[in-house]
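This report concerns only the one structure given below.
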């Protein structure tokens, strides 16, 4: 979602008051916040903070709707347009009950917002806490208490369009401190999506898209794709996970964290996942197969021994290996 291209349709903030090892108290907002410029700028800051988090993971709603009712309540709100205030209060009550059962949990402000954009609608849910800051007022030092948007560690973004089409993953969340983030994930009903082939396909697309944005020669672009594949293949061979944080320095050494943010935000790729070798080979190998024809060659051969004429829709291969020449001679005699 573009941080500029969205409209705040609904926004509300409820408060759960709780200290560690203490009981909880729920303070419900009497009404929604106005969908004005201030609300837009607030959500814009939230989105910016969320997109810069490296600890985002991706998933789907748990299939057990009775045990995890948030998805049903959200679906009901979206379909019937029941009052957002009623929906949000039901959600706040559910989170309050979850937090009450976790002794280490602390309270905070539950922010719920429904957004629309040209791309698709989104729903966001997050917890914020207060933080003390300082200001100068008439040359005197004063304390200010503000919402700590930078320290965002309990949050979830839901892509409504992908959810409706059942295209996983459609839900992203921040995995903060385990005990605290677990109860928030259970409130939303998040199930982490780990599917080797699908995630590897997303990585392949992300690498190609990202390299296309950089000012590189074709040769340098292929070299970096090969290095990414070598890293991924090595991890797969050792039965290790692939880490986005290790790919960023390969693609852009001068800004090693940039690809991690790009892949996380635009392709919904988790920081680590199990790789699928056959899919990732497409980074360095072009393969096509039909009933009568199979073609497979390394990208590095394009414009060297493999030549593609776009206008004529022709593929020409030169410098054929001797063994292939002999086979062709046999079948053409």
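Brief remarks on what is shown
- Residue 253 meets the conditions (1) touching a residue at least 12 places away in the same chain (Cβ under 8 Å); (2) more than 28 Å from residue 157 (Cβ to Cβ); (3) part of a loop (DSSP other than H, G, I, E, B) in every case but one. The failed one is (1).
- Flag: residue 298 does not match the condition of being surrounded by 10 or more Cβ atoms within 10 Å (Cβ to Cβ), in the same structural domain as residue 219 (by TED's automatic domain parsing) and in contact with a strand residue (DSSP E or B) (Cβ under 8 Å, 6 or more places away or on another chain).
- Pair list, Cβ under 8 Å, 6 or more apart: the stretch 304-333 residue not assigned by TED's automatic domain parsing to the domain that holds residue 222, other residue surrounded by 10 or more Cβ atoms within 10 Å (Cβ to Cβ) and assigned to a helix (DSSP H, G or I): 320/328
- If the condition is being at pLDDT 95 or above and either outside the structural domain of residue 88 (by TED's automatic domain parsing) or farther than 17 Å from residue 96 by Cβ (or both), then the stretch 24-35 contributes 31, 32, 33, 34.
- Test for residue 205: is it over 26 Å from residue 71 (Cα atoms), at pLDDT 85 or above and in a helix (DSSP H, G or I): yes
Yes/no per residue for (1) in contact with a strand residue (DSSP E or B) (Cβ under 9 Å, 6 or more places away or on another chain); (2) assigned by TED's automatic domain parsing to the domain that holds residue 181; (3) at pLDDT 85 or above:
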site: 14; (1), (2), (3): yes, yes, yes
site: 22; (1), (2), (3): no, yes, no
site: 39; (1), (2), (3): yes, yes, yes
site: 54; (1), (2), (3): no, yes, no
site: 84; (1), (2), (3): yes, yes, yes
site: 90; (1), (2), (3): no, yes, yes
site: 100; (1), (2), (3): yes, yes, yes
site: 104; (1), (2), (3): no, yes, no
site: 107; (1), (2), (3): yes, yes, no
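- Meets criteria (assigned to a helix (DSSP H, G or I), in contact with a strand residue (DSSP E or B) (Cβ under 9 Å, 6 or more places away or on another chain) and in contact (Cβ under 8 Å) with a residue 60 or more places away in the chain) for residue 199: yes
- Some residue of the stretch 277-284 being modelled with pLDDT of 90 or more, surrounded by fewer than 21 Cβ atoms within 10 Å (Cβ to Cβ) and either under 20 Å from residue 196 (Cβ atoms) or not assigned by TED's automatic domain parsing to the domain that holds residue 47 (or both): no
The values are calculated or read from the model by the stated rules, or taken from the named source; none is laboratory data. These numbers come from a predicted model, not from an experiment. Cβ sites come from the backbone with ideal geometry, for glycine too, and all protein chains shown count toward neighbours.
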